[in-house]
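Contents: one structure, followed by commentary.
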Amino acid sequence: MNLTKNYTKILYPKEPYNFDSTIYHPPHYPSKLEIYETGKYWFALKLRRKIYGIKMEDRGTIENPRIKLTIFSKFVLSKEILKKIIEEIKFRFEFDRDLSEFSKKFSKDAILSNLIIKYRGMHGSCSNELYGLLMIGILLQNTVVKRTVQMTNLMLEHYGTKVNFDNKEIYAFWNPEDLIKISEEELKNLKVGYRAKLFLRLSNTFVKEKIDELELRKLPPKKIKKEILKLYGVGPETARILLHEAFHFYGIFEHVSPWQQKILSKLIFNKKLVPTKKIINYVNRKYGKWAVLAVKYIWEDIFWQREQGKKIAWLEKEIRL
DNA sequence: CATCAGGGCCCTG
DNA sequence: CAGGGCCCTGAT
């Protein structure tokens, strides 16, 4: 799919806004879904079954954020569509979210004070729609990162859409209504194992029950969590991923998986293994409605350090690639 | 060579 | 609520 028409607009996120640490996530596994360079980001935006090429460029500073957005499409876009795309970008990258309270409130916190300076203006962000992120959640389950990467790429090459714009080549996720036409056997040939069944069952649910991400966003977080936990194959960890990344909720911190437990025990308590209940209670008591963001700052930092070449022996042991 | 757990979840007892 | 099974892979 070649996207040749393009539209540009300058956007002004609420300050403080840190482009690079918001957009790019060192803890995430690499995929063909996005391309990042310092100050630049490309991805394929899916919105109501349509695909648009998105390029974002940092043209400002943390205190005076300014982002150049270029939207690529196959056909001429109406003003209304452009407006909807921009609204969606603002939501997914938290352009309008005010973090000044967070920055102020924890400026003397033993763990966060340095990180709030180092990553000042880092927001949550997610380039995927709910369905795509759900697919990623399934691809992460019960395996090592290397295999997740392999399964993701194979699935995208077979059923995703290859999108070309701005001299970049990126993949977009398949639509649920297209995937359900594929047989479980064929999916299994891509070595996704028992996930084949999950992909099909979830896609069926999305088609049949017409799960509407925009409608879900209007519900209170507890209710959303309850709804997404009903999805077959979605348990506490996948629900956490969706709630934090697709729905941008900072207030619900109720689950820590075993490998996260090891890393957070070390980073927050400097201990080998603290019970997850203790971690959860501590974080909630200390950071309240900012709990998820607080953990995000801690989490992203250690992976940024790793990305920049710092060797952290105990961490390498926990990140099984 | 065989065995096993991995960036979970469902189902059963 | 504990524990077995799930697909496949690479580490041991």
- Item | Looking only at region A:236-252, and only at residues there that are within 17 Å of A:Ile280 (Cβ to Cβ) and touching a His at 6+ places or on another chain (Cβ under 9 Å), the one that is surrounded by the fewest Cβ atoms within 10 Å (Cβ to Cβ) | A:Pro236
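Might you let me know whether region A:132-152 holds any residue that is part of a loop (DSSP other than H, G, I, E, B), more than 15 Å from DNA strand B (Cβ to nearest atom) and either under 21 Å from A:Ala172 (Cβ atoms) or over 20 Å from the mean Cα position of the chain (by Cα) (or both)? Before the answer, list the steps.
If we filter region A:132-152 for residues that are part of a loop (DSSP other than H, G, I, E, B), which is where we start, we get A:141-144.
Subset that is more than 15 Å from DNA strand B (Cβ to nearest atom): none.
No, the conditions are met nowhere in region A:132-152.
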- Query: Name the residues in region A:290-321 that are within 12 Å of DNA strand B (Cβ to nearest atom), over 18 Å from A:Phe269 (Cβ atoms) and without any contact (Cβ under 8 Å) to a residue 12 or more places away in the chain, would you?
  - Reply: A:Glu316
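Restricting to region A:194-211, count the residues that are modelled with pLDDT of 95 or more and part of a loop (DSSP other than H, G, I, E, B). Explain how you work it out, then say what you get.
Within region A:194-211, the subset modelled with pLDDT of 95 or more is A:194-208.
Retained after the next criterion (residues that are part of a loop (DSSP other than H, G, I, E, B)): A:194.
Residues in region A:194-211 being modelled with pLDDT of 95 or more and part of a loop (DSSP other than H, G, I, E, B): 1 in total.
Tally up the residues in region A:286-321 that are outside any helix (DSSP H, G or I) and either crowded, with 21+ Cβ neighbours inside 10 Å or of a type in the set (Lys, Arg) (or both), please.
Restricting attention to region A:286-321, the residues satisfying the condition of being outside any helix (DSSP H, G or I) are A:308-312, A:319-321.
From the residues that got through so far, the ones that are either crowded, with 21+ Cβ neighbours inside 10 Å or of a type in the set (Lys, Arg) (or both) too are A:310-311, A:320.
Selection size over region A:286-321: 3.
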- Message: So the check is Cβ under 6 Å with 6+ separation or different chains; which pairs have a first residue in region A:133-152 that's touching a residue at least 60 places away in the same chain (Cβ under 8 Å) and of a type in the set (S, T, N, Q) and a second one that's within 8 Å of DNA strand B (Cβ to nearest atom) and in a helix (DSSP H, G or I)?
- Response: A:Thr148/A:Leu140
- Message: Here is a check on your reading of the model: is A:Val256 free of Cβ contacts under 8 Å to residues at least 40 places away in the same chain and either not in a helix (DSSP H, G or I) or not small (Gly, Ala, Ser) (or both)?
- Response: yes
- Please indicate, with yes or no, whether at least one residue in region A:235-256 is farther than 18 Å from A:Val295 by Cα, at pLDDT 95 or above and within 16 Å of DNA strand C (Cβ to nearest atom). yes
- All positions within region A:22-43 that are within 16 Å of DNA strand B (Cβ to nearest atom) and in contact (Cβ under 8 Å) with a residue 60 or more places away in the chain: A:His25, A:Pro26, A:Pro27, A:Tyr29, A:Pro30, A:Ser31, A:Leu33, A:Glu34
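Just checking, how many residues over region A:212-221 are part of a helix (DSSP H, G or I), among the charged types (D, E, K, R) and touching a residue at least 12 places away in the same chain (Cβ under 8 Å)? Please lay out each step first, then the result.
Going through region A:212-221, the residues part of a helix (DSSP H, G or I) turn out to be A:213-216, A:221.
In the following step, the residues that additionally are among the charged types (D, E, K, R) were identified as A:213, A:215.
Checking which are touching a residue at least 12 places away in the same chain (Cβ under 8 Å) leaves us with A:213.
Within region A:212-221, residues that are part of a helix (DSSP H, G or I), among the charged types (D, E, K, R) and touching a residue at least 12 places away in the same chain (Cβ under 8 Å) number 1.
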- Item | In region A:226-248, residue nearest to A:Thr205 (Cα to Cα) [restricted to those that are outside any helix (DSSP H, G or I) and near DNA strand B (Cβ under 6 Å from one of its atoms)] | A:Tyr232
- Message: Suppose we keep only residues that are free of Cβ contacts under 8 Å to residues at least 24 places away in the same chain and exposed (fewer than 15 other Cβ atoms within 10 Å of the Cβ) within region A:51-100. Which one would you say is farthest from A:Pro13 (Cα to Cα)?
- Response: A:Ser78
- Note on the structure: Those strands (runs of 3 or more DSSP E) completely within region A:1-76 that have 3 or more residues that are among the hydrophobic types (A, V, I, L, M, F, W, C) are A:40-47, A:50-58, A:67-73
- Task: Inspect region A:44-52 for any residue being of a type in the set (Ser, Thr, Tyr) and more than 16 Å from DNA strand B (Cβ to nearest atom) and give the result as yes or no.
- Result: yes
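The values are calculated or read from the model by the stated rules, or taken from the named source; none is laboratory data. All values reported here derive from a predicted model rather than from experimental measurement. Every residue, glycine among them, receives a Cβ derived from its backbone with ideal geometry; neighbour counts consider all protein chains shown.
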